[in-house]
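Here the structure comes first, spelled out in structure tokens, and everything after it is commentary.
The values are calculated or read from the model by the stated rules, or taken from the named source; none is laboratory data. Just so it is clear, the model here is predicted, and its values are computed rather than measured. All Cβ positions, even for glycine, are placed from backbone atoms using ideal geometry, and neighbour counts span all protein chains on display. The accessibility values were calculated without ligands, DNA or RNA, using every heavy atom of the protein model including side chains. Shrake-Rupley method; radii C 1.70, N 1.55, O 1.52, S 1.80 Å.
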Amino acid sequence: PAAARAHRWPSAGSRAVRVLWALGPAVRGAWLPAVLLVAVGAVALAHGGGFAHARPWLLALAPVVPVAGVALSYGPHADPMHEITAATPAAGLRLVLTRTAAVLAVSLPLLTLAGALLPSTGAPNAAAWLLPGLALTLASLALAGYVGLRAATAVTGGAWLCAVLGPVLTAPGGLTRELGLRLSSYLGGAPAQGGWAAAAVLSAALLAARRPAFHFLEKS
């Protein structure tokens, strides 16, 4: 019995190591500290620095945080042993989805909690970014089946930032006021949220259709 228990311990430890490795940037590397910095920095800026308009800026950045995590989660730039990993049955879409789930499990509750701790200042509620964040993440994965993961996340994340921050930076009025109005049109209300939900469903369908492409994703 003792020998059997001793034999089981290394097996359990090996499984734990494999799980931690599979989760990717959510448990290792600089991505988690960066997410914490965004969340804690926004709260500190609002309550310690007297910046009452921190929530609109957090909502503007939050949807691209999981997209950035996905970009850092798979490929030679994320895993020194990626060439070996890519040749295993666990590679491809299965591993990409595992790491994406870890990214979402960290960023969604953390950034939403941070947003809830910030003054509203007329901005959408703290959870309004969740569907857009999920839709952009799924869109990135669907597009990755055509152009690769890093290019896809650059397109989706860049498109969101240009759509939200581009008009704000060129607006004649105050930046924060214009940002709040922009976010209200993109995130506020049932029509906007319904559109993001439809985009998420469509992206998931495209992702399923491109599943075979992930066997060759980021292999070079």
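When you look at Leu113, is it in contact with an Asp or Glu (Cβ under 8 Å, 6 or more places away or on another chain) and either closer than 15 Å to Gln193 by Cβ or aliphatic (A, V, I, L, M) (or both), yes or no? For Leu113, the condition - in contact with an Asp or Glu (Cβ under 8 Å, 6 or more places away or on another chain) and either closer than 15 Å to Gln193 by Cβ or aliphatic (A, V, I, L, M) (or both) - is not met.
If you go through the range 111-154 one residue at a time, how many are within 24 Å of Ser184 (Cβ to Cβ), part of a helix (DSSP H, G or I) and open to solvent by less than 50 Å² (accessible area, probe 1.4 Å)? Residues that pass the stated criteria total 11. Evaluated against (1) on the phi < 0 side of the Ramachandran plot; (2) surrounded by 21 or more Cβ atoms within 10 Å (Cβ to Cβ); (3) modelled with pLDDT under 90, Gly24 falls short on exactly one condition, (1). The residues listed here are Ala199, Ala205; of these, the one that is exposed (fewer than 15 other Cβ atoms within 10 Å of the Cβ) and modelled with pLDDT of 90 or more is Ala205. For the list (1) modelled with pLDDT under 95; (2) open to solvent by 40 Å² or more (accessible area, probe 1.4 Å), I need the number of the one condition that Ala159 fails. It fails just one condition, (1).
This table checks each residue for (1) over 22 Å from His47 (Cα atoms); (2) hydroxyl-bearing (Ser, Thr, Tyr).
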residue	(1), (2)
Ala102	yes, no
Ala114	no, no
Gly122	no, no
Gly145	yes, no
Gly158	yes, no
Thr170	yes, yes
Thr176	no, yes
Tyr186	yes, yes
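For Ala101, all conditions in the list (1) open to solvent by 10 Å² or more (accessible area, probe 1.4 Å); (2) at pLDDT 85 or above; (3) small (Gly, Ala, Ser); (4) under 21 Å from Ala151 (Cβ atoms) hold save one; what is the number of the exception? In the conditions (1) open to solvent by 10 Å² or more (accessible area, probe 1.4 Å); (2) at pLDDT 85 or above; (3) small (Gly, Ala, Ser); (4) under 21 Å from Ala151 (Cβ atoms), Ala101 misses (4) alone.
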